[in-house]
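Notes for the one structure printed next.
The values are calculated or read from the model by the stated rules, or taken from the named source; none is laboratory data. All of these numbers come straight from a predicted model, not from anything done at the bench. Cβ coordinates were reconstructed from backbone atoms using ideal geometry, including for glycine residues, and neighbour counts include every protein chain displayed. Just the protein is used for accessible areas: all its heavy atoms, side chains included, with ligands, DNA and RNA removed. Shrake-Rupley method; radii C 1.70, N 1.55, O 1.52, S 1.80 Å.
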Amino acid sequence: MSSNSADSTTKTHLWLREETKPMEHRAALSPDVCKKLLATGKFEITAEESKERIFNDSEYADAGCRMVPGDSWRKAPQDAIITGLKELPENDTTPLPHTHIMFAHCYKRQAGWKDVLSRFVEGKGLLYDLEFLNDDSGRRVAAFGFYAGFTGAAVGIDAWCHQQLHAGEKYPVITPYPNEDVLISETKAKLEKAGRKPRIMVMGALGRCGSGA
């Protein structure tokens, strides 16, 4: 066996799957994170193509990821760790033989939790639920944080501006911004049009979300 073959068997294979939840543009792994992981020589990363993800497919390819069609994780090698953010596609009861990383939303008896867990039992797969990933002190590692508070505060201000500028009109559907700079710029412009600023109170200002708000 060649040394290259030997090296490849020791690498952890992450398979970034396409998110299928409506309006979900986030990703469990950003291109920058993928690039850093690949640079260690300890990871192999396969990224599924996605038209909804905030990052372009080309960014993952440039980072060194192997690109594959979306929703192809079911045919991934057995050693691949299927990495995602939100739940798997609904209305699917096929067994799950892989190891999955995601927010499964099934350990608090959410709707369909038995069906989700039974798929892992039937397929002899393994689930690492991000909601229960804790550090040595018991603090959650993956949780709502800075940008949840940041975004929530921005939406709150936007709603207030709408009330001032378009009283009586229904608040429109929110569409994603390409980045935070655009969000900040547009929010400032709306505040300027409103002619004044709202009084804001942040509860838990030193917490994960409060620090972003």
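Placing +1 on the Cβ of every Lys and Arg and -1 on the Cβ of every Asp and Glu, with no other charges, gives the range 4-73 a dipole of roughly 260 debye about its Cα centre.
Using a probe of 1.4 Å on the protein chains alone, the accessible area found for Y128 is around 120 Å². The orientation-averaged shadow of the Cα convex hull for the range 1-93, equal to a quarter of the hull surface, comes to 6.5 nm². Of the residues M203, M23, M67, the one with the largest accessible area comes first in the ranking M203, M23, M67, computed with a 1.4 Å probe on protein heavy atoms. Taken along its principal axes, the alpha carbon cloud of the chain reaches lengths of 71, 40, 37 Å, longest axis first.
If you model the range 43-149 as an ellipsoid using its alpha carbon gyration tensor, with each semi-axis the square root of five times an eigenvalue, the axes come out at 23, 20, 14 Å, biggest first. Accessible area per residue for the chain is 66 Å², calculated with a 1.4 Å probe on protein heavy atoms, without ligands, DNA or RNA. Label separation (R74 vs N91): 1.3 nm, computed from points 7 Å beyond Cα along the C-beta direction. Here's the picture: charge each Lys and Arg Cβ at +1 and each Asp and Glu Cβ at -1 in the chain, and of A205, I81, Y60 the one pushed furthest to the positive end of that dipole is A205. Expressed as a whole percent, the accessible area of the range 95-213 that falls on carbon and sulfur atoms is 58 (1.4 Å probe). Translational diffusion of the range 138-190 was estimated from the Stokes-Einstein equation, with Rh taken as the Kirkwood radius over Cα pairs; at 20 °C and 1.002 mPa s the coefficient is 169 µm²/s.
Under 5 Å from the amide H of D71 lie the amide H atoms of E18, each residue being 5 or more positions distant or on a separate chain, with H modelled from the backbone and absent for Pro and chain starts.
Relative contact order, whole percent, for the chain stands at 15, derived from Cα pairs under 8 Å and 6 or more residues apart. Counting only protein heavy atoms and using a 1.4 Å probe, the accessible area of H100 comes to about 0 Å².
Phi-derived couplings, Karplus 6.51 cos²θ - 1.76 cosθ + 1.60 at θ = phi - 60°, listed residue by residue for the range 143-154: 8, 4, x, 3, 6, 5, x, 4, 5, x, 5, 5 Hz, with x used for Gly and Pro. For the range 159-213, the Kirkwood radius over C-alpha pairs fed into Stokes-Einstein at 4 °C and 1.567 mPa s yields D = 99 µm² per second.
What's the FRET efficiency of A205 with R66 using the Cβ-Cβ distance as r and R₀ = 45 Å, to the nearest 0.05?
0.55
Against the chain, whose longest principal axis is taken from its Cα atoms, helix 180-194 shows a tilt of about 10°. Dividing the mean sequence gap of close Cα pairs (under 8 Å, 6+ apart) by how many residues the range 62-156 holds gives a relative contact order of 21 percent. Accessible surface for E169 stands near 110 Å², nearest 10, in the context of the full protein assembly shown (1.4 Å probe). Looking only at the chain, where both bridge partners belong to it, what percent of the DSSP beta bridges are antiparallel (to the nearest 5)? Close to 5 percent. Annotation for the range 51-130 versus the range 149-190: alpha-carbon center distance of 32 Å. Rg/Rh for the range 100-185 stands at 1.16; both radii use Cα atoms, and Rh follows the Kirkwood definition.
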